[in-house]
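The values are calculated or read from the model by the stated rules, or taken from the named source; none is laboratory data. Bear in mind the structure is a predicted one, so any value in this text is a computation, not a measurement. Cβ sites come from the backbone with ideal geometry, for glycine too, and all protein chains shown count toward neighbours. Accessible surface is based on the protein model in full, side chains and every heavy atom, while ligands, DNA and RNA are left aside. Shrake-Rupley method; radii C 1.70, N 1.55, O 1.52, S 1.80 Å.
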Amino acid sequence: MTTNTQIPTLAGDGEIPALVIKPEGTPCGAVIVQQEIFGVDAGIRKKAQDWADRGYLAVAPDTFWRQQPGVELDADIPEQFQEAIGYMMKHDFDLGIRDIEAVIHWIRREAGVPKVGLVGFCMGGRVAYMAAARTDIDASVGYYGVMIDQMLGEKHAIAKPLMLHIPTADHFVGPDAQKAIHEGLDDHPKVTLYDYEGLDHGFAAEIGSRRDEANATLADERTAAFLAEHLG
């Protein structure tokens, strides 16, 4: 069952719009599907539905709700791509992770699902790292997360499992940034890193021209096994 839900913020300063998809039967866990810069678009909705089909409660919050609720943009249209980047540049990630924390609390207390994971893409990959470092989420997965190399000072706070998918030809996360991520996290007991040789940013997108089918399937299989291990 799919519903549009309003989740109260922790500070009580508003409500976070979220797509919520309930599985058949009792959820085995919950997965927060953290959007790219393009909003809760058809691709993110499909990812949420896929998690529900696997037996999880799927929740896709609207990250840009404080700026512009309901953003839905096309990565293959240059003007819309630039508009999406503008939203990301104005996004307050510190406030945004508090919104994620509110979603985690809502899932556990209101939806009654104790085990919560997060799967994020692009800026959502950064959010996955932040969630692992700043919240009590049970497991997190980031696909081609941006600016993680600038946040390695928080790695000591990662107490729950984190998986990161890193395409080696990512034009948003260059070789130096990738090197820093590996040097900072390769030996972290809670972190698993996978490289995808020659692939660019967005290779696991569900819609549009960026998708690489074989490697998207491989990454998704790794993610599914990881979350099954840590969420149920």
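Within the range 21-43, take every residue that is within 25 Å of residue 229 (Cα to Cα) and free of Cβ contacts under 8 Å to residues at least 40 places away in the same chain and give me the one that is most open to solvent (accessible area, probe 1.4 Å). Here the answer is 24.
Answer with yes or no whether residue 187 is without any contact (Cβ under 8 Å) to a residue 24 or more places away in the chain and either surrounded by fewer than 20 Cβ atoms within 10 Å (Cβ to Cβ) or farther than 25 Å from residue 100 by Cα (or both). So residue 187 passes the test. One residue is enough: does the range 207-218 have a residue meeting the conditions within 20 Å of residue 148 (Cα to Cα), surrounded by 15 or more Cβ atoms within 10 Å (Cβ to Cβ) and without any contact (Cβ under 8 Å) to a residue 40 or more places away in the chain? Looking for residues that are within 20 Å of residue 148 (Cα to Cα), surrounded by 15 or more Cβ atoms within 10 Å (Cβ to Cβ) and without any contact (Cβ under 8 Å) to a residue 40 or more places away in the chain, one finds none in the range 207-218, hence no. Going through the range 5-44 one residue at a time, which ones are in a helix (DSSP H, G or I) and touching a Phe, Trp or Tyr at 6+ places or on another chain (Cβ under 9 Å)? Passing the criteria: 43, 44.
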